[in-house]
Amino acid sequence: MIAFTIAGWSGSGKTTLIERLIEGFRDRGRSVAVVKRVPHGADLEPQGKDTARFRRAGAVPVFAVGAGEMLTVEPVASEAAAWKQIVERAGAQDVLLLEGLVVPGVPVIEVTMMGYPLKTPVERLVALVGDGPVVADRPRFSAGAVGELLDFMEESRER
């Protein structure tokens, strides 16, 4: 499995890049799973609505089903415990992209912005995308060079 974290400051273009990577990998015949880190928790419905009320009452897990999709909300002991479940559930996918979730052993590509420092420690970075700070020994891709970035990511699997 190809697995990468896409990191960067809010507004840097992480989500747009991930959308393009998903499309690019799918065009190459690969299946893709994505994990979005939500540091303050995810509310599927506002407080006072059904799903939030069921969770508050103690239901574990809570499923929201409709229009051909399903969401599951359940507590986890830690991000490490969540990561273990993610790997088990996404194991059949060819590619796993993590937005903002930094996990030991998963390489990090940071989307950079002019005027902002790096968000990720340099030793964790394998590549940079964008026009922000330069790191001499890390490859850098322009935001529009998705094909080159896809090649880099696929080749990294072989390293």
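The values are calculated or read from the model by the stated rules, or taken from the named source; none is laboratory data. As the structure is a computational prediction, the values presented were derived from the model and not from experiment. So basically every Cβ, Gly included, is an ideal-geometry build from the backbone, and we count neighbours across all protein chains shown.
Within the range 48-87, the set of residues being of a type in the set (D, E, K, R), over 24 Å from the mean Cα position of the chain (by Cα) and not in a helix (DSSP H, G or I) comprises just one member, Lys49.
For the range 142-159, the condition holds for at least one residue, the condition being that it is among the basic types (Lys, Arg) and over 21 Å from Ser10 (Cβ atoms). When residues in the range 35-62 are screened for being loosely packed, with under 13 Cβ neighbours inside 10 Å, over 30 Å from Ile2 (Cα atoms) and modelled with pLDDT of 60 or more, 8 of them pass. Every listed requirement among (1) at pLDDT below 90; (2) in contact with a helix residue (DSSP H, G or I) (Cβ under 6 Å, 6 or more places away or on another chain) is met by Leu97 save one, (1). Contact annotation: residue pairs with Cβ atoms under 8 Å, 6 or more positions apart or on different chains, pairing a residue in the range 85-114 that is on the phi > 0 side of the Ramachandran plot with a partner that is of a type outside the set (Phe, Trp, Tyr) and modelled with pLDDT of 85 or more, are Gly100/Thr5; Gly100/Ile6; Gly100/Ala7; Gly100/Lys14. Taking residues in the range 1-25 that are touching a residue at least 24 places away in the same chain (Cβ under 8 Å), and partners anywhere that are crowded, with 21+ Cβ neighbours inside 10 Å and of a type in the set (Phe, Trp, Tyr), not one pair has Cβ atoms closer than 7 Å while being at least 6 places apart or on different chains.
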